[in-house]
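Each reported figure results from applying straightforward, stated rules to the coordinates on display, with no laboratory input. Quantities reported herein were computed from a predicted structural model and do not represent experimental measurements. All Cβ positions, glycine included, derive from the backbone under ideal geometry; neighbour counts span all protein chains shown.
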Amino acid sequence: MRERVRDAFDQITADEKLKEQTKMFLAQKRRQAPERRPVRRMAAVLVCMMCLMLGVGGWAYLTPTSAISIESSAALELSVNRFDRVIAVRGTDEAGCALAQSLQVDHMPYLNALQVVLDAQADGEGVSIGVAGKDSGQCESMLQAVQNCTAAQKQVHCYMTDADTLDAARESDLPLGKYRMLLTLQALDPSLTVDDVRGLSMPELRQLEQTLSGTDSTGQTSGQGAQNGGNGQNGNGNGLNGAENGAGNGYGSGKGNGQGNGARHGQTGS
């Protein structure tokens, strides 16, 4: 059997032309083989670079650089990246948490997302909009854009603050605007705490500020005796009566600014 197989293969012959073509083909393959390796290496490098760029770009896109706090009937916070896109929304009070779950604003330009939030808020409520972040340039640009966007709306207050204040508000678990109001109130009454203001609305906090500072809704000083005129006048708006009780020139503005230099004291402005 083996002899038959050997004899069969011995009968297979190739002419000289086929042999030359085979040699040329093999030689060409040998020359091309080293050239393919650099191409493969370059392709691998390009793939790695693309992956790196996608990774860096994805990280930059998903990194928040600023935030917009919106406080009205509900309080929410929009996290914004360096490309001015909203990458997260969270409620900062109970009503805000419920509203945040119903909104679809991820990856929107922040002005579009802001309008969606404002449209979802209760009508007739005052709105406080704060911009905060580490990039002051971006925050200033955002504040200007927000002010322009809300210029035609009533009862809208816009402001900007720094990243430290934003972080402190988050640590206190308070909306940014309410935390800033707490700082104002603590300057008037250091005994106030986070828990004292947590359940109060912004109108209630503003009323508390007026009470602690002794001003009414118009900013005028309330009460009697705010300006005693230096000589016993109680400043209740009757400062002109100082002329009846002394030789001096008693006078007053009628807003608690009565003044007088009369020789007698104590019974003016009755």
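A few comments on the model shown:
- Around the amide H of Arg82, modelled in the peptide plane, lie the amide H atoms of Thr65, all under 5 Å away and 5 or more residues distant in sequence or on another chain.
- Sites Ala60 and Thr193 - FRET efficiency at Förster radius 35 Å, r taken between beta-carbons, to 0.05: 0.35
- The range 64-172, dipole about Cα centre (Lys/Arg Cβ +1, Asp/Glu Cβ -1), debye to the nearest 20: 260 debye
- Rounded, prolate or oblate (a/c below 1.5 giving rounded, otherwise prolate when a/b exceeds b/c) for the range 64-172 by Cα gyration tensor: rounded
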